[in-house]
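Take a look at the structure below.
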Amino acid sequence: MSARRPKRAAPIEHYRKAYELDRQFSQAYAGLADCYVIRTTVAYGSFPTEESMPVAKDYALRALEVDNTSSEAHTSLGGVQLRFEWDFAEAEKEFKLAISLNPDYSQAYFWYSHLLALTGKMDESIAASVKAFELDPTSGQAEMNLGRSYFWARQYDRARSHFEKMLEKNPTDENAIYMIGLILLQQGAYDKVIEMYLPMHAVDKTNVAGPLGFAYAKAGRPEEARKILAELDAISPRNKDGSLMQEKAIIHIALKEMDRAVDLLLEVCNDRFASFPFFKLEPLFDDLRSHPRYADLLRCARLP
């Protein structure tokens, strides 16, 4: 979950040009693999998993064929195993190997931090996120990830301080605004969240839809929450977009319609939406955790 960003094809074009110039350049294949993994996230366009991930895996394996000592290649394969195959044991092996091959490769720590969080090792996840950012302090992705790690660990004051510092540097940073809104939701400041999110939602009806609807429902304004559900239904009437189904589920949770939320999330899981396992970490799903069918979601995502 994240605020949306413009779709960017330029990196893919550059990496393709690189391997066309040198077919033995392993990093070009690994870079392409990373691009196709990232494309499945909401922040970079939420491309269908079944379209992007097999391509990502193919490029990661080609990178390893060229150079099986490449930290980048092992990280890329681990990313596919983490976000597509949901094979967390194999992903951990790849990330650890990548770090041993190059302890200064930020991206390996970035993805490893996600794996550690999913497996309940929050302190280690934060440490890996700190390391990723220290190694690449100019990376907006690594900076965002560190704040999100604090958020996943329910360290809300620490997370808010981090994102406020991001806003000091860039007052229009929608990702930082989005995350501060999520923190405020957990603190019950529903009206403030609505005020923050409405301008973003006005530009794109799919943006911040879930947490905005959640805020409306929690603030005792269910009609506005259902209006957002109707907008999402109009955009994706046949429930084919995993990110939108997940947004709908968030609103149904706030409306206390737990079975409908579980039904939607199981559809998301069965479609292998790449970001699905991270529902385990998101506080917006906390009200669902006591539901008898919550274990079905964990099993579907192969989570402990």
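Just a yes or no: is a residue in region 264-280 over 22 Å from I38 (Cα atoms) and in contact with a His (Cβ under 8 Å, 6 or more places away or on another chain)?
The answer is yes, given that some residue of region 264-280 is over 22 Å from I38 (Cα atoms) and in contact with a His (Cβ under 8 Å, 6 or more places away or on another chain).
Taking only pairs six or more apart or across chains, which ones have beta-carbon atoms under 9 Å, a first residue in region 55-67 that is among the aromatic types (F, W, Y), and a second residue that is open to solvent by 70 Å² or more (accessible area, probe 1.4 Å)?
Pairs that qualify, where the first residue is among the aromatic types (F, W, Y) and the partner is open to solvent by 70 Å² or more (accessible area, probe 1.4 Å), are Y59/Y15.
For region 244-251, indicate whether the set of residues that are at pLDDT below 95, aliphatic (A, V, I, L, M), part of a helix (DSSP H, G or I) and farther than 22 Å from F88 by Cα is non-empty.
Within region 244-251, one or more residues are at pLDDT below 95, aliphatic (A, V, I, L, M), part of a helix (DSSP H, G or I) and farther than 22 Å from F88 by Cα.
Here is a list: V55, V37. Which entry is of a type outside the set (K, R), assigned to a helix (DSSP H, G or I), modelled with pLDDT under 95 and within 22 Å of Q246 (Cα to Cα)?
Details: V55 fails: within 22 Å of Q246 (Cα to Cα).
Only one candidate qualifies: V37.
Residue under question is Y105, and the condition is that it be farther than 26 Å from R302 by Cβ, open to solvent by less than 50 Å² (accessible area, probe 1.4 Å) and not acidic (D, E); does it hold?
Judged against the criteria, Y105 is a match.
Of the residues A132, A117, only one is buried (at least 16 other Cβ atoms within 10 Å of the Cβ) and more than 16 Å from the chain's Cα centre (by Cα); which?
Values: A117 fails: more than 16 Å from the chain's Cα centre (by Cα).
Only one candidate qualifies: A132.
Considering each of A209, A176, A219 in turn, give the residue that is aliphatic (A, V, I, L, M) and open to solvent by 20 Å² or more (accessible area, probe 1.4 Å). Write out each step before concluding.
Working: A209 fails: open to solvent by 20 Å² or more (accessible area, probe 1.4 Å); A176 fails: open to solvent by 20 Å² or more (accessible area, probe 1.4 Å).
So the residue among A209, A176, A219 that is aliphatic (A, V, I, L, M) and open to solvent by 20 Å² or more (accessible area, probe 1.4 Å) is A219.
For region 106-127, does any single residue satisfy the condition of being free of Cβ contacts under 8 Å to residues at least 60 places away in the same chain, in a loop (DSSP other than H, G, I, E, B) and over 20 Å from S26 (Cβ atoms)?
Taking region 106-127 as the starting set, the residues that turn out to be free of Cβ contacts under 8 Å to residues at least 60 places away in the same chain are 106, 108-113, 115-116, 121-127.
Imposing the further condition that a residue be in a loop (DSSP other than H, G, I, E, B) reduces the set to 121.
Right, trim to over 20 Å from S26 (Cβ atoms) and you get 121.
Yes - at least one qualifying residue is present in region 106-127.
Taking region 152-174, which residues are in contact (Cβ under 8 Å) with a residue 40 or more places away in the chain and either among the β-branched types (V, I, T) or in a helix (DSSP H, G or I) (or both)?
Narrowing region 152-174 to residues in contact (Cβ under 8 Å) with a residue 40 or more places away in the chain: 152, 154, 174.
Correct list: W152, E174.
State whether one or more residues within region 232-240 are open to solvent by less than 10 Å² (accessible area, probe 1.4 Å) and farther than 23 Å from P48 by Cβ. Lay out the reasoning, then the answer.
Taking region 232-240 as the starting set, the residues that turn out to be open to solvent by less than 10 Å² (accessible area, probe 1.4 Å) are 232.
From the residues that got through so far, the ones that are farther than 23 Å from P48 by Cβ too are none.
Scanning region 232-240, I find no residue that is open to solvent by less than 10 Å² (accessible area, probe 1.4 Å) and farther than 23 Å from P48 by Cβ, so the answer is no.
Residues to consider are L255, L284, L298; find the one that is among the aliphatic types (A, V, I, L, M), in contact with a Pro (Cβ under 8 Å, 6 or more places away or on another chain) and either within 20 Å of A91 (Cβ to Cβ) or open to solvent by 60 Å² or more (accessible area, probe 1.4 Å) (or both). Show your work before the answer.
Numbers: L255 fails: either within 20 Å of A91 (Cβ to Cβ) or open to solvent by 60 Å² or more (accessible area, probe 1.4 Å) (or both); L284 fails: either within 20 Å of A91 (Cβ to Cβ) or open to solvent by 60 Å² or more (accessible area, probe 1.4 Å) (or both).
Result of the check over L255, L284, L298: L298.
Out of region 128-155, which residues are among the polar types (S, T, N, Q) and under 16 Å from Y112 (Cβ atoms)? Step through it out loud before you land on a result.
First pass over region 128-155, keeping only residues among the polar types (S, T, N, Q): 129, 138-139, 141, 145, 149, 155.
Those that are among the polar types (S, T, N, Q) and under 16 Å from Y112 (Cβ atoms): S129, S139, Q141, N145, S149.
Determine if region 220-243 includes at least one residue that is within 24 Å of L303 (Cβ to Cβ), modelled with pLDDT under 95 and outside any loop (DSSP other than H, G, I, E, B).
yes
The values are calculated or read from the model by the stated rules, or taken from the named source; none is laboratory data. Only a predicted model underlies this, so the values are computations on that prediction, with no experimental measurement involved. Glycine also receives a Cβ, built like all others from the backbone with ideal geometry; neighbour counts cover every protein chain displayed. What goes into the accessible areas is simple: the full protein's heavy atoms, side chains included, and nothing from ligands, DNA or RNA. Shrake-Rupley method; radii C 1.70, N 1.55, O 1.52, S 1.80 Å.
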